[in-house]
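The values are calculated or read from the model by the stated rules, or taken from the named source; none is laboratory data. Because the structure is a prediction, the values reported are computed rather than measured. We place every Cβ from the backbone using ideal geometry, glycine too, and count neighbours over all the protein chains shown.
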Amino acid sequence: MHQHRIITWIKAARPQTLPAAVVPVLVGAGLAIRFESFSLAASVVALTCALLIQIGTNFANDYFDFVKGADTEERVGFERATASGLISAKQMQHAALSTMALALFTGLYLVYIGGWPILVIGIFSIICGVAYTGGPYPLGYNGLGDVFVFLFFGIIAVMGTYYVNTLEWTWTSFYCSLPVGALSTNILVVNNLRDVKQDRKAGKKTLGVLFGSTALRWEYIIMGSISVLVPFVLFSFTKFNSWILLPLLTLPAGIFLSRIIWTETNMSRLNRTLEHTGQWMSVYGLLFAAGIILS
């Protein structure tokens, strides 16, 4: 019974989405290693905070979607712990708040290193994580989820990780954050494509509900293209050598997944595509970080 409870909480944390938390820190830390300013302690704490905020956001999402009636019996996505009755709404609410509080407490070390900019980033990350599906103007219910993910799990996460290592904001870290934000966004794109029908009924105005499934499919292609183009730009216009092209080894996976996005008509099968998109991002992130270091 106890083991089943643990498994339920692990599933509620949505491990298939966690590459969005891990990869930005890997890339930011890889940049710090490349420029000989790496701090193991800062990077480990940054990774811990990123994971806690991602998990806290997932818990909050589980809770608020249940409270707002977005999770129904027609749901084709992964099982939601609150909606299915496996975890009570009160317990999920407490889990979300506790996880976010732990992220804030852990992040105080990074504030000590990086000062007020890191404090501001941390507070805004937590507020937006909760406001993704909660609060008076939930981002995910008003077409802003994609912007939130690209910004916080791409640009801010990579540049913030680099900053706590080096105490510098650089254009290089900004450019390197773009493919990370793009592939993080693609995880959400698959989620929203799968749930267009249910989200429309629940009044959840994702980009798929606002502009249709075809728009989401194009978004997936555009985000994937960013992940291909940025290494070429870095190779052509910066001091990075050909190692920076290493993540392009994942291009066949991107093409394969893009084809599924355009041809799949059974939305429940996109659960597997979502997992594979997270895996694509994970391998891309490892190769990108390695390419940055080797360059």
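Points worth noting:
- Phe35 vs. criteria at pLDDT below 95 and in contact with an Asp or Glu (Cβ under 9 Å, 6 or more places away or on another chain): yes
- The range 101-150 - residue that is part of a helix (DSSP H, G or I) and polar (S, T, N, Q) and, of those, nearest to Ser177 (Cα to Cα): Ser125
- Residue among Arg259, Arg217 that is basic (Lys, Arg) and without any contact (Cβ under 8 Å) to a residue 24 or more places away in the chain: Arg259
- With respect to the conditions (1) touching a Gly at 6+ places or on another chain (Cβ under 6 Å); (2) under 28 Å from Phe237 (Cα atoms), Asn165 lacks only one, and its number is (1).
- Of the residues Ala13, Ala29, Ala95, Ala60, the single one that is modelled with pLDDT of 95 or more and within 21 Å of the chain's Cα centre (by Cα) is Ala29.
- Residue, modelled with the lowest pLDDT, within the range 63-92, restricted to residues that are among the hydroxyl-bearing types (Ser, Thr, Tyr) and in a loop (DSSP other than H, G, I, E, B): Thr72
- Answer from Gly134, Gly107 - the residue that is small (Gly, Ala, Ser), touching a residue at least 40 places away in the same chain (Cβ under 8 Å) and within 25 Å of Val44 (Cβ to Cβ): Gly107
- Lone qualifier among Ile53, Ile10 - being part of a helix (DSSP H, G or I), under 22 Å from Glu275 (Cα atoms) and free of Cβ contacts under 8 Å to residues at least 12 places away in the same chain: Ile10
- Within the range 230-240, the set of residues being part of a helix (DSSP H, G or I) and either more than 18 Å from Thr250 (Cβ to Cβ) or in contact (Cβ under 8 Å) with a residue 24 or more places away in the chain (or both) comprises Val230, Pro231, Val233, Leu234, Ser236, Phe237.
- Picking from residues in the range 262-290 that are β-branched (Val, Ile, Thr) and over 12 Å from Ile187 (Cβ atoms), the one that is surrounded by the most Cβ atoms within 10 Å (Cβ to Cβ) is Val283.
- Filter result for Phe148 (closer than 16 Å to Ala50 by Cα, among the aromatic types (Phe, Trp, Tyr) and surrounded by fewer than 24 Cβ atoms within 10 Å (Cβ to Cβ)): yes
- For the criterion of being in contact with a Phe, Trp or Tyr (Cβ under 7 Å, 6 or more places away or on another chain), at pLDDT 95 or above and of a type in the set (A, V, I, L, M, F, W, C), Ala290 fails.
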